[in-house]
Protein chains: 2
Amino acid sequence: MIKVGILGGGQLGRMLLQAAANYPVETHLMENDPHAPAAHLCHRFVQGDIRDFDAVYQFGKELDAITIEIESVNEDALEKLEKAGVKVYPTPAALRIIKNKIRQKQFYQQQGVPSPAFVVTGDLSELRLQQSFLPAVHKIAEGGYDGRGVQLIHGPGDIEKGFDAPAVLEKMVAIDKEIAQIVAVDRLGNAALYPPVDMVFDPKLNLLDYQVSPAGLSERVLQDVSETALRVVKGLNSPGIFAVELFVDRNGSVFVNETAPRVHNSGHHTIEASFCSQFDMLWRILLDYPLGNPAAILPAAIVNLLGEPGYSGPARYAGLEKVLRMEQAFVHLYGKAETRPGRKMGHVTILDRNVQELVRTAGEIKQELKVIS
Amino acid sequence: MIKVGILGGGQLGRMLLQAAANYPVETHLMENDPHAPAAHLCHRFVQGDIRDFDAVYQFGKELDAITIEIESVNEDALEKLEKAGVKVYPTPAALRIIKNKIRQKQFYQQQGVPSPAFVVTGDLSELRLQQSFLPAVHKIAEGGYDGRGVQLIHGPGDIEKGFDAPAVLEKMVAIDKEIAQIVAVDRLGNAALYPPVDMVFDPKLNLLDYQVSPAGLSERVLQDVSETALRVVKGLNSPGIFAVELFVDRNGSVFVNETAPRVHNSGHHTIEASFCSQFDMLWRILLDYPLGNPAAILPAAIVNLLGEPGYSGPARYAGLEKVLRMEQAFVHLYGKAETRPGRKMGHVTILDRNVQELVRTAGEIKQELKVIS
């Protein structure tokens, strides 16, 4: 059987391994925490630091293929593995571009991909020189994840919240919509695009509220979104799954915000809502099978279950019974023993022909279901 | 986290464990073969003989709940576990009725459930006395599985093919359709019925050809099927998932053929075709969650992938690429290293609004995809 490794054992690894069990594949997983959500679902678990060169190289050298579920991995080791003939998807070259925000922004510029204007700041003193560039968003070059590593700098008073480390400062865009476009690319360069996802934010809390797919976009914007996302992915020139996050501004112009070179939160609904989920699709790519069908079976929404503010400790799911009774809801709990404020603990997907109804049910689930301790 | 054990590690266990990863549950599995399809997908794998009293009891005594994916388990140990306070679903009492074909037939009789007329035969000499009862089907009382343990006795010439062991001899019914009705029952006795499945047999080979859900039945027969299946399950008086297989004869009369007290091949399409799959449903029952919604999202067909006659050895999947390209097909391969003639190696589910199209695609998949070595 083909041997495939995953670096990282969180919920993305968990859902990848659920999908792997539809194929004849021997799964290997490296992760520091033996109780991580994915740790028990593989053929071989290796406890180790995915940021460590030797650990990653030793783990990967007996494998046929290797992928990631988080960007913070040792890409030097992946490069050596690639040279040794292991299929590394995404390629280390693509990963290098994406995992450093400065390189990522420069890449968009080189590729002629529309993306918010930016300047590079090496430290806080350089940021202080950019008052005329405000309002802007400061993003640390490396190590950011899930909102960490991003600061809104509305005006001079916010500057000291910025990062005293290499970072990009991006012009704020007057955002009308935030869209995620997941693209799958196989070894031969064939691409498949999922229906785009509308990421709806709570304007007060600046937190992701829910996600709806397909996004309600005009024909023209839809085409811009898919062409722009395809241009990003073709430029990266790597097999894999890519989530391109885009802004649509009030004039209907499309800008790339950022790209993830892996399965992504904005594609979780594809498990139930698509003929081929993003997880299934990545296995097809890793195993050299044909790409699957990304088309939607029904419109879908995703509600993320984050650890409720003020609660840390063994997780409890208040309101779970009520949501389990909802006729068109699919509950996914990631099996994390401990909750913390904002921690991703699960998600609920809703399928409904009627998009208004999706949004109503998403709101109800957000009201009902709370992860507490 | 709640600890749940599964006895048996085949494809049913595999699909159960795929579904388990949507809930916070610690999974334990006992199985003799450490390379069985489900062996790597649990938190704790215990190599052991599920027919052995001590093995099962030791395995189960630290668990909160235990279930089975095959009937040939030690039910005395399950009974002791039940007395010790472990939730055993299905209950040992229900399992005892079902796993012995003589008790199962007597149970239908006691419950007033229509089922083909039968006589009990203790050995071959007793079978020889039943010439006037032919044509009939001889079914061994214990140990049959997947067609093994069943012999068609058309006339006196077939009698020597019968079993020289306790068995039931059932009158042959002029079958118009074979239907499977999956019923879920929770701890409180609430039941949920899946849409019935039409099991279409190849008349030449007497092999299951494909399955279509919902079955094309008149309103009256549909009601008979669900009432009959419910009567069986209520009589068993046990939480769990039950697959009731029924015959519809040429007069539209409904007879129970047999019942399985577990997730079942005829329900595999519920993974993609139902809001709550049979596997998800069993976890809800084991974890004391509310029953899910068994309703169909779309009509579905299942094609079983059996090891091609004449091939034994490391499995290869001829025609796999072509089927993976089909837009509405979902491929499930069970990861068994070795194929053998007739071995269950996987299944393909097809979703389509149009039932004619389902049947056409099922035929095409049967033509294209062969498990060889």
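Each reported figure results from applying straightforward, stated rules to the coordinates on display, with no laboratory input. All figures in this text were calculated on a predicted structure; none of them were measured in a lab. Reconstructed Cβ throughout: ideal geometry from the backbone, glycine too, with neighbour counts over all protein chains shown.
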| note | Simple SL model, points at 7 angstrom along Cα→Cβ for A:SER253 and B:SER373; separation in nm is 6.6 nm
| query | Using a simple charge model, +1 on the beta-carbon of Lys and Arg, -1 on the beta-carbon of Asp and Glu, nothing else, what dipole does the range B:252-320 show about its Cα centre, in debye to the nearest 20? | reply | 80 debye
| remark: With label points set 7 Å from each Cα along the Cα-to-Cβ direction at A:LEU188 and A:GLU321, the distance between them in nm comes to 5.4 nm
| Per-residue Cβ neighbour rank within 10 angstrom, fewest leading, B:HIS154, B:HIS138 | B:HIS154, B:HIS138
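Taking the range B:291-333, which trypsin sites (Lys or Arg not before Pro) meet the DSSP loop condition and have no more than 16 other C-beta atoms within 10 Å? Write down the numbers at each step before the final one.
Values: sites: B:ARG316, B:LYS322, B:ARG325; in loops: B:ARG325.
Listed in order of number, the matching sites are B:ARG325.
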| note | Sorted largest first, the C-alpha extents of the protein assembly as shown along its principal axes in whole angstrom are 103, 50, 49
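The range A:56-152: which GluC sites (Glu not before Pro) are DSSP loop and have at most 12 other beta-carbon atoms within 10 angstrom?
Details: sites: A:GLU62, A:GLU69, A:GLU71, A:GLU75, A:GLU79, A:GLU82, A:GLU126, A:GLU142; in loops: A:GLU62, A:GLU69, A:GLU71, A:GLU142.
The qualifying sites are A:GLU62.
Give me the inter-chain shielding for A:22-28: mean count of other chain Cβ atoms within 10 Å, whole number please. Before the final figure, lay out the partial values.
Details: counts 11, 9, 12, 2, 3, 3, 0.
The per-residue average across the peptide is 6.
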| What ranking do A:ARG103, A:ARG340, B:ARG353 get, fewest neighbouring Cβ atoms within 10 angstrom at the top? | B:ARG353, A:ARG103, A:ARG340
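Using Cβ contacts closer than 10 Å as the measure, can you line up B:TYR57, A:TYR334, A:TYR194 from fewest to most?
Ascending Cβ contact count within 10 Å gives the list B:TYR57, A:TYR334, A:TYR194.
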| task | For the range A:175-372, give the magnitude of the charge dipole about the Cα centre (Cβ charges: +1 Lys/Arg, -1 Asp/Glu; no others), in debye to the nearest 20. | result | 420 debye
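Count the net charge of all other residues whose Cβ sits under 11 Å from the Cβ of B:PRO90, scoring Lys and Arg as +1 and Asp and Glu as -1. Can you show the working numbers first?
Details: positive: B:LYS87, B:ARG96, B:LYS99, B:ARG262; negative: B:GLU71, B:GLU75, B:GLU82.
Summing Lys/Arg as +1 and Asp/Glu as -1 gives +1.
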| query | So how much slack lies between B:LYS234 and B:GLN110, counting 0.36 nm per residue of separation and subtracting their Cα-Cα distance, in nm? | reply | 43.4 nm
| query | How many nanometers, to one decimal and shortest first, lie between the label point of A:GLN110 and those of its other copies, if labels sit 7 Å from Cα toward Cβ? | reply | 7.8
| With point charges of +1 on the Cβ of Lys and Arg and -1 on the Cβ of Asp and Glu, referenced to the Cα centre of the range B:175-372, which listed residue (B:LEU320, B:ILE297, B:PRO214) lies farthest in the positive direction of the dipole? | B:LEU320
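Using the crude model of +1 on Lys and Arg Cβ and -1 on Asp and Glu Cβ, and no other charge, please compute the dipole size for chain B relative to its Cα centre, in debye to 20.
Dipole magnitude for chain B comes out near 40 debye.
Once you list every other residue whose beta carbon is under 9 Å from the beta carbon of B:ALA77, what net charge do they have if Lys and Arg are +1 and Asp and Glu are -1?
Details: positive: B:LYS80; negative: B:ASP52, B:ASP54, B:GLU75, B:ASP76, B:GLU79.
That works out to -4.
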| task | Let me know the mean shielding of A:327-335 by other chains, meaning the per-residue number of their Cβ atoms within 10 Å of its Cβ. | result | 5
| Near-label residues of the range A:62-85 by backbone N, under 18 Å of a point 7 Å along Cα→Cβ of A:ARG44 | A:62-68, A:78, A:81-82, A:84-85
| Considering only the label points, 7 Å along Cα→Cβ from Cα, what distances in nm to one decimal separate A:VAL355 from the same position in each other copy, shortest first? | 3.3
| task | Lys and Arg at +1, Asp and Glu at -1: add these up for the other residues within a Cβ distance under 12 Å of A:PRO309 and post the number. | result | +2
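Calculate the mean, over all residues of peptide B:271-277, of how many other protein chain Cβ atoms lie within 10 angstrom of the residue's Cβ. Let's see the in-between values first.
On the way: counts 2, 4, 1, 0, 7, 5, 1.
The mean count of partner-chain Cβ atoms within 10 Å per residue comes to 3.
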| remark: Across all Cα atoms of the range A:163-290, Rg and the largest Cα-Cα distance (Dmax), in Å, are 15.1, 46
| Label spacing, shortest first and in nm, from A:LYS61 to its equivalents in the remaining copies (7 angstrom along Cα→Cβ) | 4.6
| For chain A, what is the calculated [θ] at 222 nm in deg cm²/dmol (nearest 500), taking -39500 (n - 2.57) for each run of four or more DSSP H residues and dividing by its residue count? | -7500 deg cm²/dmol
| message | Given axes a ≥ b ≥ c from the Cα gyration tensor, I'd like to know whether the range A:154-200 is rounded (a/c under 1.5), prolate (a/b larger than b/c) or oblate. | response | oblate
| Extension reserve of the B:GLN223-B:LYS171 stretch, reckoned as 0.36 nm per residue once the Cα distance is removed | 16.3 nm
| remark: Residues of the range B:157-172 with backbone N under 20 Å of the label point set 7 Å from the Cα of B:ARG128 along Cα→Cβ are B:157-170
| request: Return the loop-located trypsin sites (Lys or Arg not before Pro) in the range A:173-241 (DSSP other than H, G, I, E, B) with at most 10 other Cβ atoms within 10 Å of their own Cβ; answer none if there are none. | output: A:LYS204
| query | Rounded if a/c is under 1.5, else prolate if a/b beats b/c, else oblate: with a ≥ b ≥ c from the C-alpha gyration tensor eigenvalues square-rooted, which is chain B? | reply | rounded
| request: For the range A:175-372, just say rounded, prolate or oblate: build the C-alpha gyration tensor, square-root its eigenvalues into a ≥ b ≥ c, call rounded for a/c under 1.5, and beyond that prolate if a/b exceeds b/c, oblate if not. | output: prolate
